[in-house]
Amino acid sequence: MAHFYGLTGSPALGETARDVAKGLPIRLLHGGSHAAWLAAHGLMEEHPMFSLMAQLERELRYRYASLTTPDPAALTAPERSSRVW
């Protein structure tokens, strides 16, 4: 992910490119978005999303919605891929 997004760390803050990359799935797990993560790191909002993170965001949004929607059956299931995590 660090290479895909062209990430660099902040040595003065003790942060590596890997640390910055780890922030994306963590943000998604806590209900955040790809766009917010891009903005937090000064990246262009139009940047394509790493495919595995796009899948994670879709599935998490579906799960969160099913927890807050009175009728979870009304939700459409997220797209499934044959990709194994």
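The values are calculated or read from the model by the stated rules, or taken from the named source; none is laboratory data. As the structure is a computational prediction, the values presented were derived from the model and not from experiment. Don't worry about glycine lacking a Cβ; one is built from the backbone with ideal geometry, like all the others, and counts go over all protein chains shown.
A few remarks follow.
- If you check Leu60, Leu52, Leu67, Leu56 for being without any contact (Cβ under 8 Å) to a residue 12 or more places away in the chain, over 16 Å from Leu7 (Cα atoms) and either surrounded by fewer than 11 Cβ atoms within 10 Å (Cβ to Cβ) or not acidic (Asp, Glu) (or both), only one passes: Leu67.
- Filtering Ala12, Ala40 for residues that are free of Cβ contacts under 8 Å to residues at least 40 places away in the same chain and surrounded by 12 or more Cβ atoms within 10 Å (Cβ to Cβ) leaves a single hit, Ala40.
- Being of a type outside the set (Asp, Glu) and out of contact with any helix residue (DSSP H, G or I) (no Cβ under 6 Å at 6 or more places or on another chain) holds for only one residue in Ser10, Ser66, and it is Ser10.
- Options Ala35, Ala12; residue that is modelled with pLDDT under 90, assigned to a helix (DSSP H, G or I) and under 15 Å from the mean Cα position of the chain (by Cα): Ala35
- Looking across the range 15-32 at every residue that is of a type in the set (Gly, Ala, Ser) and outside any helix (DSSP H, G or I), the one that is surrounded by the most Cβ atoms within 10 Å (Cβ to Cβ) is identified as Gly32.
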